[in-house]
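To start, the structure itself, in structure tokens.
The values are calculated or read from the model by the stated rules, or taken from the named source; none is laboratory data. Predicted model only: the values in this text are computed from it and were never measured. Cβ coordinates were reconstructed from backbone atoms using ideal geometry, including for glycine residues, and neighbour counts include every protein chain displayed. The protein model used for the area step is the full one, side chains on, heavy atoms only, and it has no ligands, DNA or RNA in it. Shrake-Rupley method; radii C 1.70, N 1.55, O 1.52, S 1.80 Å.
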Amino acid sequence: MADSKTLTAACHCKSIHFAITIPTDALPLKVHICHCSVCRYTHGTPCIFHAPLPAGIAPQFIIPSSIDKLTLYNHAESQGTRHFCSTCGCHIGDRSHDDRSWVLSTAIFTEPNQGLWKMRSHSFTNSSLDGGLSAMLSHIDGHQLEVFNSETSLHASKPGDSTRIDTVKTEERLHAECHCGGVSFSIARPRKEFLASPASEGWVLPRDTSKWLALLDICDDCRLVDGSNVVAWIFVPVDHISPSPPGDLIIGSMKSYKSSEEVLRTFCGTCGATVFYSCTDRPGIVDVAVGILRAPEGVMVENWALWRRRISSGGDGLKYDPDFSRALIEGLEVWGSERGMPEDFLLPRV
């Protein structure tokens, strides 16, 4: 194709590896940041980053990769089929039901953003209730992101739609559930016995012992396992989760993936939602994906979480997409300062 550029993309485990050839006049790809509950509950992230491909352009899989190594997910209200890696859980994007068009994740390209894509808008922020990441990401490289909401859209479903939230015990339990419902559990607030034990040191801040620590992460590993440019985690002891996860952390329809010798990750094998992250140097503690939490106050679960005011693995993000990462780092600092969030905290290493 004359006057075109070929881009490659791959998930973390490399089971999915493909190329797309884009006319240069179609670059940068226009990205929308979607905050709808369907996207959050299928990815496990606070929002997703998708770019529609020009008409007639589709991923060309590079052998031994193939579309057969993807799991496909549809639901009653779906306007397209979601595709995620069957091995590591990375979402690559959605294909329309008529197979004529694709939207791809901008988190999985193998080269950094140098005029390849441009984030243009936030969509369905009303679904997040509190604005989610849009509250800290209004501008990127000097241009303002548009905000689109449609109360009649099927994609603008709010937390609580097609979910189960315990409205009686919301103060004592935080419900978590993926989109398909194959993974469902609840989180308790820090218990007195945990707070009194040495095991709590570093995991609960004295300023508010009713909340767990949480952070935003733009590391390369999480980006390529989740298929999102930024992920969010809340840190919870395993024994504060009900039903109690077994040693392999598999609950319901979960699958597991070892992203390194020390790190085990889990995701729903049906809809693809990221669920847990655990590592050997933090026994008894798991990172829970914030995108599947069903807090009545909104995506940032501020009644349950104290957010770190600094981005984790900022260097990775600045290399991959410097303009976006810089804007998010600056926006989080302002957002966190306004809410009195801790400037920094170091995760305990045992």
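Each residue, V238 and R207, gets one label point 7 Å from its Cα in the Cβ direction; the gap between the two is 3.1 nm.
What the range 1-157 shows is 41 Å² of accessible area per residue, with the surface traced by a 1.4 Å probe over protein heavy atoms. Expressed as a whole percent, the accessible surface of the range 1-135 that belongs to carbon and sulfur atoms is 49, based on a 1.4 Å probe. Percent of accessible area on the range 289-329 owned by carbon and sulfur, 1.4 Å probe? Roughly 45 percent, rounded to a whole number. Between the beta carbons of N74 and T6, assuming R0 = 25 Å, the FRET efficiency works out to 0.25 to the nearest 0.05.
A prolate overall shape is assigned to the chain, the ratio a/c of its alpha-carbon gyration tensor axes (a ≥ b ≥ c) being 1.5 or greater and a/b exceeding b/c. Extension gain, S66-N303: 0.36 nm per intervening residue step, less the Cα-Cα distance, totals 81.0 nm.
The modelled label-to-label distance between E338 and T24, using points 7 Å beyond Cα along the C-beta direction, is 4.2 nm. From its DSSP helices (H runs of at least four residues, each -39,500 (n - 2.57)), the chain gives a residue-normalised ellipticity at 222 nm of -3500 deg cm²/dmol.
Which GluC sites (Glu not before Pro) from the range 227-334 combine a DSSP loop assignment with at most 12 other Cβ atoms within 10 Å? Passing both the DSSP loop test and the Cβ count: E261, E262.
Couplings 3J(HN,Hα) of the range 185-192, computed from phi: 7, 10, 10, 9, 6, x, 7, 4 Hz, in residue order, whole Hz [Karplus 6.51 cos²θ - 1.76 cosθ + 1.60, θ = phi - 60°; x for Gly and Pro].
Taking trypsin sites (Lys or Arg not before Pro) across the range 259-350, the ones in a DSSP loop with at most 14 further Cβ atoms lying within 10 angstrom of their Cβ are R339, R349.
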